[in-house]
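Just so it is clear, none of the values below were taken in a lab; they were calculated from the coordinates. Bear in mind that the values here come from a model prediction, so they are computed numbers and not experimental data. Virtual Cβ from ideal backbone geometry, glycine too; neighbours counted across all protein chains shown.
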Amino acid sequence: MTLIQITDRDGTRHDLDAPDGESLMAALRDAGLSVEGICGGNMACGTCHIHVLNATPGQLPPVSADEAALLADLPDVVPHSRLACQIPVGPVLAGLSILVAPDD
Ligand code: FES
């Protein structure tokens, strides 16, 4: 389990003990934090859009071309936007802080 700080769409902060080996999308979805993950992690829906608030260099996997293409089509994209389905949970994420992107 890895502890990650989440700010939900209401601005409420949560400490999430996320299961290692799952995607961050699945951890957020299963915790009821307003992330739907409709496409199941296949980079087709954008419902797992998050804003990363404090990642350190190398903490997250690089953004693939497919992820960048989908992010480019989403509203409310910021320079640190990611798809949570593309981020595996593991000890390297300890202390990460994210914001669930608005649902437009
Ligand atoms: Fe659909 Fe991430 S779950 S793009």
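The table for this structure:
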read-out	value
Estimated distance in nm for a label pair at residue 34 and residue 13, the labels positioned 7 Å out from Cα along Cα-to-Cβ	1.7
Magnitude of the charge dipole, the chain, Cβ model with Lys/Arg +1 and Asp/Glu -1, debye to 20	220
Label-point separation, residue 104 to residue 20 (7 Å along Cα→Cβ), nm	3.8
Dipole of the chain, positive direction: furthest Cα of 45, 35, 59, with charges on the beta-carbon	59
